[in-house]
Amino acid sequence: TDIPVIASDRGGQITYHGPGQVVAYPLLDLRRLGIFVKELVFRIEQAAIQTLESFGADARRVKGAPGVYVPFAASRAEGDFAGLAKIAALGIKVSNGRSYHGLALNVDMDLTPFSLINPCGYANLPAVDMATLDIHVSWQDAADRLAERLQTHLS
């Protein structure tokens, strides 16, 4: 396709960023916060889960697979992902105790590019957005709510 592929040094595998997606990259000094990488991942996921729950989504984690997932009837995923779709991707890098990169929350976007990849390296795992789940919220409202939740969990 004509979608540019950009190499990144963050964790995770391939993902897609596009219009209608809230991308939040908190830059943090983990030593100053007194937390380790697993705790950072948990807190970022929790902020996304609470954001989605506040709009009525049944959001959750999948053990060993960073990101946030929701029930999705059209999912062909198997194993731990059966019946689920990914609504928020997480990819971070930590260097010298500081975090880079972060989270992408799918609000209302063209999901077609996700069908060209295995999101985060998982075959048959669909990506979904809030609009597909019949949660119609503006990008700004989703961004504001996510920012508030991130601030609560990362300060």
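The table that follows gives values for the structure above.
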| read-out | value |
| --- | --- |
| Counting DSSP beta bridges with both ends in the chain, the antiparallel % (nearest 5) | 95 |
| Charge dipole magnitude, Cβ of K and R +1, D and E -1 - the chain, Cα centre, debye nearest 20 | 700 |
| Summed side-chain charge close to LEU105 - residues other than LEU105 whose Cβ falls under 14 Å, Lys, Arg +1, Asp, Glu -1 | -4 |
| Degrees between helix 37-54 axis and first principal axis of the chain (Cα, 0 to 90, nearest 10) | 50 |
| Nearest 10 degrees, 0 to 90: helix 139-154 Cα axis against the chain principal axis | 40 |
| Stokes-Einstein diffusion coefficient of the chain, Kirkwood radius over Cα pairs, 20 °C, 1.002 mPa s, in µm²/s | 136 |
| Sum of side-chain charges, LEU28 neighbourhood, beta-carbon under 12 Å (Lys, Arg +1; Asp, Glu -1) | +3 |
| Alpha carbon convex hull of segment 63-123, volume per residue in cubic angstrom | 107 |
| Taking the convex hull of Cα positions in segment 1-90, its mean projected area over all directions (nm²) | 7.6 |
| Paired Rg and Dmax values of segment 91-155, which use every Cα atom, in angstrom | 14.5, 42 |
| Accessible carbon and sulfur surface of the chain relative to its total accessible area, %, 1.4 Å | 52 |
| Sequence-distant aspartates and glutamates (8 or more away, or on other chains) whose Cα lies within less than 19 Å of LYS38 | ASP9, ASP29 |
| The chain: relative contact order in percent, alpha carbon pairs under 8 Å with at least 6 residues between | 32 |
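The values are calculated or read from the model by the stated rules, or taken from the named source; none is laboratory data. Remember, it's a predicted structure, so these values are computed and weren't measured experimentally. Positions of Cβ are backbone-derived with ideal geometry, glycine not excepted, and every protein chain shown enters the neighbour counts. Accessible surface areas use protein heavy atoms only, side chains included; no ligands, DNA or RNA. Shrake-Rupley method; radii C 1.70, N 1.55, O 1.52, S 1.80 Å.
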